[in-house]
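The values are calculated or read from the model by the stated rules, or taken from the named source; none is laboratory data. Everything numeric in this text was worked out from a predicted model, so none of it was measured. No Cβ is skipped: glycine too gets one built from the backbone with ideal geometry, and neighbour counts run over all protein chains shown.
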Amino acid sequence: MRRGGFAVKRSARRWLLGAGAAGFVALVVLGWRPLMRSAVGWLDVGTAPGPCDFVMVLGGGPTTRPFVAAALVRLGLARTVLVPHMRRPRAGEEVFLPPEDETVREVLLRRGVRADQVRIVGHECEHTEAEARALKECLDREPGTTAAVVTDAFHTRRTRWVFCRVMGAGAGRLQFVSAPTDAFDPSRWWRTEEGVGAVLGEYLKGLAYVLYYGRGAWWAAGALGLAAVAWAGLRRRRRGAAASAAS
């Protein structure tokens, strides 16, 4: 009975998650404005920055995130910027830009952060969990220190979940700061492919994290399929609108 009861609960959880993913995709396609604004707002759990020892710039946003970190240092709210070491190209891969951690470091220096206030941490961090582990290693070496984590506003909820999971009992030493998003307007994100891709992708990443650690990764694959359908529908709608305007 106990085993059967667990199965029922697990089945119910899968149905709820599947229905939630399908409902979200439907809202994206329909463009229901109030809920769409709430959808992106729910992802932002950033808080006003307070004093801390370190500020970490997560990878993926070199045009905005290092500027926020530099401002925190200049305002005296943080003393050292932590920059995750990013993956280096493998033999045979074409390279057109320097590694992102080098770009971020250069931005920080140009924004007035001293070289001795920038520290590269981790090794070839390719995802959020690797960045969280790099920060944990840094804080473990310096007990009692605190850190602010800077990422795009709509990344903060998933980022907080991942970092708190990695930090465990030390999660209280962290704060999460929202950086502005320059790729799209958050108040109208569903009207652009960049916005749809970013917000829907963030929900799917969060779903994938939860389901992966909860042994339900196959639901994430289903959600990705639904996302592909929604993306195709959005593109068809935009093309149809453009054709109507031209005729």
- Task: Filter region 118-138 down to residues that are under 14 Å from residue 79 (Cβ atoms) and either surrounded by fewer than 18 Cβ atoms within 10 Å (Cβ to Cβ) or in contact (Cβ under 8 Å) with a residue 60 or more places away in the chain (or both), then give me how many there are.
- Result: 2
- Note on the structure: Here the residues within region 192-232 that are at pLDDT 80 or above and either in a loop (DSSP other than H, G, I, E, B) or over 23 Å from residue 45 (Cα atoms) (or both) are 192, 193
- Any residue in region 150-166 that is over 18 Å from residue 121 (Cβ atoms), touching a helix residue (DSSP H, G or I) at 6+ places or on another chain (Cβ under 9 Å) and among the aliphatic types (A, V, I, L, M)? yes
- Query: What number goes with the only condition from (1) part of a loop (DSSP other than H, G, I, E, B); (2) closer than 21 Å to residue 205 by Cα; (3) at pLDDT 95 or above that residue 145 does not pass?
  - Reply: (2)
- Item | Qualifying positions in region 79-115 - modelled with pLDDT under 95, exposed (fewer than 15 other Cβ atoms within 10 Å of the Cβ) and in contact with a strand residue (DSSP E or B) (Cβ under 8 Å, 6 or more places away or on another chain) | 88
- Task: Check residue 78 against each of (1) outside any loop (DSSP other than H, G, I, E, B); (2) of a type outside the set (Ser, Thr, Tyr); (3) more than 28 Å from residue 190 (Cβ to Cβ) and name the one condition it does not meet.
- Result: (1)
- Task: Kindly indicate whether residue 113 is of a type in the set (A, V, I, L, M, F, W, C), assigned by TED's automatic domain parsing to the domain that holds residue 141 and either more than 24 Å from residue 202 (Cα to Cα) or out of contact with any Cys (no Cβ under 9 Å at 6 or more places or on another chain) (or both).
- Result: yes
